[in-house]
Amino acid sequence: MSVVTVELLKEKLNNGIPEVYNVIAIDTSAGCGQSFEVVVISNTFQGKNNLARSRMVNKILCDEIAQIHAFGCKCYTEAEWSKIVL
Amino acid sequence: MTSNILEITDEEQFIEVTTNCRDNKIISLYFYSNEAKACQSMSTVYCALGEDPRFGNYLFLSIDANKLTSIAKNFEIESVPFFVFVKNDEMIYELSTTSPKEFVDFLPKLELELKVVMESMPERENYDELIDESDEETEEELNERLKMLTNAAPVMVFLKGTPSDPKCGFSRQIIGILRENNLRFGYFDILKDKSVRDGLKAFSDWPTFPQLYINGEFQGGLDIIKENVEKDPGYFIKSTK
């Protein structure tokens, strides 16, 4: 099994989520590589609640999440994201 | 040692027995009639339960509904066999069944439910009994147990550690949110039970803990609950209805 890295998470989400606009992945572990947070922006989340959105991400990253201790995930549509970053 | 099974002979005795019953016991009232055919096999099974070590937390009383009509009337008994469960002077459950197996199967479920719901009581008391350490649990039995656990309280949280001693920052945060919202909740420490820990991931289709259930329905992990509350401060009020 490969070690979980920010790059790996980004790559998998960029390939796995349809209509992906951006993926942000942060190593929040202070070095041990056991804790990550991701933000995924895609219009594919339109009309889906948070649970359904997160399940899409969890499915793509199931092998990685199983290896690490902590995982946070936030999913936005492009419109929702633009409100946050402005 | 006193027996856990008793035939009620008059109303006075009934009151005495039920009021002197030790606090943490569940009293099972079995209303029967010698004329009712369905009561025959039930009575045979019921009488044996007093000796059964699995049901030490129960006090089993039998009440002839035809003879002790005033008690039967008090409990509004309309048919036999009929069961009423009482704890701390409160009626907690009624069960109408002609199947001895259904009745016997129901006993551990009720006991489990009562334990989990008592979340705001001192932690850890009787707590380890919730944990199934037998290795023989089949997948079906595990799923049945998970179904029971996720429904054990209207608001049910599965966490690492206990509310007063969470073993992980995320679990600590979700307890904080539940308390801020003055929610009464049941909890289960998944670190104490590996089969629940692994099984619930598949059951909820969710890879991490904590996990929150409301009315038996999976709500999400910490991120989702946080966002739901931020988006809609009335989230808990609506979802716990």
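The values are calculated or read from the model by the stated rules, or taken from the named source; none is laboratory data. For clarity, every value in this text was computed on a predicted model and none was experimentally measured. Here Cβ is always computed from backbone atoms with ideal geometry, including for glycine, and neighbour counts include all displayed protein chains.
The rows are residues; the columns are (1) at negative phi; (2) surrounded by fewer than 22 Cβ atoms within 10 Å (Cβ to Cβ); (3) within 14 Å of chain A (Cβ to nearest Cβ); (4) in contact with a His (Cβ under 8 Å, 6 or more places away or on another chain).
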residue: B:Gly176; (1), (2), (3), (4): yes, yes, no, no
residue: B:Phe185; (1), (2), (3), (4): yes, no, no, no
residue: B:Lys192; (1), (2), (3), (4): yes, yes, no, no
residue: B:Val229; (1), (2), (3), (4): yes, yes, yes, no
residue: B:Asp232; (1), (2), (3), (4): yes, yes, yes, no
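If I ask for residues that are of a type in the set (Val, Ile, Thr) and away from chain A (no Cβ under 11 Å), which ones from the stretch B:209-227 would you list?
The answer is B:Ile214, and nothing else.
Which residues, taken from the stretch A:55-79, are surrounded by 13 or more Cβ atoms within 10 Å (Cβ to Cβ) and over 25 Å from B:Pro207 (Cα atoms)?
Listed by number, the list holds a single entry, A:Glu78.
Which residues, counting only those in the stretch B:162-173, are surrounded by fewer than 19 Cβ atoms within 10 Å (Cβ to Cβ), more than 14 Å from every other protein chain (Cβ to nearest Cβ) and of a type outside the set (Asp, Glu)?
Answer for the stretch B:162-173, where residues must be surrounded by fewer than 19 Cβ atoms within 10 Å (Cβ to Cβ), more than 14 Å from every other protein chain (Cβ to nearest Cβ) and of a type outside the set (Asp, Glu): just B:Ser164.
All but one of (1) surrounded by 13 or more Cβ atoms within 10 Å (Cβ to Cβ); (2) modelled with pLDDT of 85 or more hold for B:Ile92, so report the exception by its number.
The single condition B:Ile92 does not satisfy is (2).
Is at least one residue of the stretch A:61-69 assigned to a helix (DSSP H, G or I), away from chain B (no Cβ under 14 Å) and touching a Pro at 6+ places or on another chain (Cβ under 8 Å)?
The answer is no; no qualifying residue exists.
So, in the stretch A:36-51, of the ones that are hydrophobic (A, V, I, L, M, F, W, C) and either surrounded by 20 or more Cβ atoms within 10 Å (Cβ to Cβ) or more than 10 Å from chain B (Cβ to nearest Cβ) (or both), which residue ends up farthest from B:Tyr213 (Cα to Cα)?
Residues of the stretch A:36-51 hydrophobic (A, V, I, L, M, F, W, C): A:36, A:38-41, A:45, A:51.
From the residues that got through so far, the ones that are either surrounded by 20 or more Cβ atoms within 10 Å (Cβ to Cβ) or more than 10 Å from chain B (Cβ to nearest Cβ) (or both) too are A:36, A:38-41, A:45.
Details: A:Phe36: 24, A:Val38: 24, A:Val39: 24, A:Val40: 25, A:Ile41: 27, A:Phe45: 23 Å.
It comes out as A:Ile41.
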